[in-house]
Amino acid sequence: MALALRASNAAAVFSPAVIDFWLAQINPRWSSTRCLATVDSRRRESRETVTLVLKPNRRFRGFLPGQHLNLTAVIDGARVTRSYSFSDAHRRDGRVSITVRHVPGGKLSTHLCRHSGVGEVVELGVAFGEMNWSSATGQDWTLLAAGSGITPMMSLIRSLEPDLGPRRVQLLYWARTADDLCFADELRERSRRDPRLRCHFLLTGEGAGVDQPRGRISPELLQTLRPDWHSQHVYACGPYGFVETARSMLAGRTSQFRSEAFTPLPAPAGDDREVNVALLRSGRSLRVRCDLPLLDALEAHGLRPPHGCRMGICNSCACAKTRGVVRDLRSGAADAEPSQALRLCSSLAQSDLSLDL
């Protein structure tokens, strides 16, 4: 308490950066303003995937199973931020887990999977995402996961312990090979322990096993594995193409369908027009292409707006639009209303714009 009071008094005199510097000399997780965490332990989950257990400071606001957060690490002197899913349920010791798949060429995933060690300090953002149990009603659930999409599903499944209660949950999990499957042994054990949880593993590449048949997502496969879709609440997570395929195949057939994609939204091709974007705070004026997300277009001019997931979910890149028309990559809808907020990563300029940047 005395230390907290002294830090509070110091804040009136010194800048947050100065206070944080001296707090870090005592404990690397201490900060007057930021949520910092240390890597507490790490374990390999599959050939290209690692789980990091993080110990956050008291500024961590918690999360709902199935949510994401933005994680920032300093690599070669530069801050790099990406979005990752929680892979565990709440823990009594306050630690949290994320599971990271190595992406070739990915600066942060390479660092976390190959080089990050116990004791490293990272910065955590606020948890976000609506794919969690609290947003749902009903009893029967089907979880569709492809690749790294298993991570939030694992958080959801682990949060149901020690009892599934009235829920009956079926997981359909696609991976390229058996070596790419994460949490497979644990999922098999959980389904053996409680028959209300059923798990199906499906491979899209070479190889197959007793419970690992080959097969990409298709209407026939979905009908075979789950004939009663009309009674199901469905969550889908994976690459954008997988999620949109699942959405189109199950359109109008489920009680509820929610999804999140972990790859950037594809921009429509063919619109090579350029428009003028006025940045009101900096006074700059730029020419940007209409077929590039605004975040990409601004970065092409050397700007570095705040951002996180790059998928239109986390809201880190939101800014105000005071003039002009944009198109939302997720819905395809055009928005001409003035004084509207937009997400730079999922918005295309359709006319001259004025942005509060």
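The values are calculated or read from the model by the stated rules, or taken from the named source; none is laboratory data. In this text, all values refer to a predicted model and were calculated from it rather than measured experimentally. Don't worry about glycine lacking a Cβ; one is built from the backbone with ideal geometry, like all the others, and counts go over all protein chains shown. Note: accessible area is taken over every heavy atom of the protein model, side chains too, but ligands, DNA and RNA are not part of it. Shrake-Rupley method; radii C 1.70, N 1.55, O 1.52, S 1.80 Å.
Give L221, L202, L197 a once-over and let me know the one that is over 18 Å from M154 (Cα atoms) and aliphatic (A, V, I, L, M). So that I can check it myself, show each step before the final result.
Numbers: L202 fails: over 18 Å from M154 (Cα atoms); L197 fails: over 18 Å from M154 (Cα atoms).
Going through L221, L202, L197 in turn, just one is over 18 Å from M154 (Cα atoms) and aliphatic (A, V, I, L, M): L221.
If you check R44, R58, which single one turns out to be under 16 Å from V118 (Cβ atoms) and either open to solvent by 20 Å² or more (accessible area, probe 1.4 Å) or aliphatic (A, V, I, L, M) (or both)?
Numbers: R58 fails: under 16 Å from V118 (Cβ atoms).
Exactly one residue qualifies, and that residue is R44.
Looking at A246, A341 in this structure, which one is among the hydrophobic types (A, V, I, L, M, F, W, C), outside any strand (DSSP E or B) and under 30 Å from F86 (Cβ atoms)?
Working: A341 fails: outside any strand (DSSP E or B).
Only one candidate passes the filter, namely A246.
From the list F60, F86, which residue is within 13 Å of the chain's Cα centre (by Cα) and in contact (Cβ under 8 Å) with a residue 40 or more places away in the chain?
Details: F60 fails: within 13 Å of the chain's Cα centre (by Cα).
Every option except F86 fails the conditions.
Restricting attention to the stretch 254-303, report how many residues are touching a residue at least 12 places away in the same chain (Cβ under 8 Å) and part of a strand (DSSP E or B).
The number of residues fulfilling the criteria is 17.
Scanning for something of a type in the set (D, E, K, R), in contact (Cβ under 8 Å) with a residue 40 or more places away in the chain and in a loop (DSSP other than H, G, I, E, B), does the stretch 183-203 turn up at least one residue?
Taking the stretch 183-203 first, the residues of a type in the set (D, E, K, R) are 185-186, 188-190, 192-194, 196, 198.
Those still in the list that are in contact (Cβ under 8 Å) with a residue 40 or more places away in the chain too: none.
No - not one qualifying residue is present in the stretch 183-203.
Might you let me know whether the stretch 304-315 holds any residue that is part of a strand (DSSP E or B) and at negative phi?
Pass one, the stretch 304-315, residues part of a strand (DSSP E or B): none.
No, that holds for no residue.
Can you tell me which residue within the stretch 217-232, out of those that are in a loop (DSSP other than H, G, I, E, B) and in contact with a helix residue (DSSP H, G or I) (Cβ under 9 Å, 6 or more places away or on another chain), is farthest from A246 (Cα to Cα)?
The extreme case among them is Q232.
For the stretch 222-279, which positions are among the β-branched types (V, I, T) and open to solvent by less than 20 Å² (accessible area, probe 1.4 Å)?
Our first condition is that a residue be among the β-branched types (V, I, T); within the stretch 222-279, this holds for 224, 234, 243, 245, 254, 263, 275, 277.
Across the stretch 222-279, the qualifying residues are V234, V243, V275, V277.
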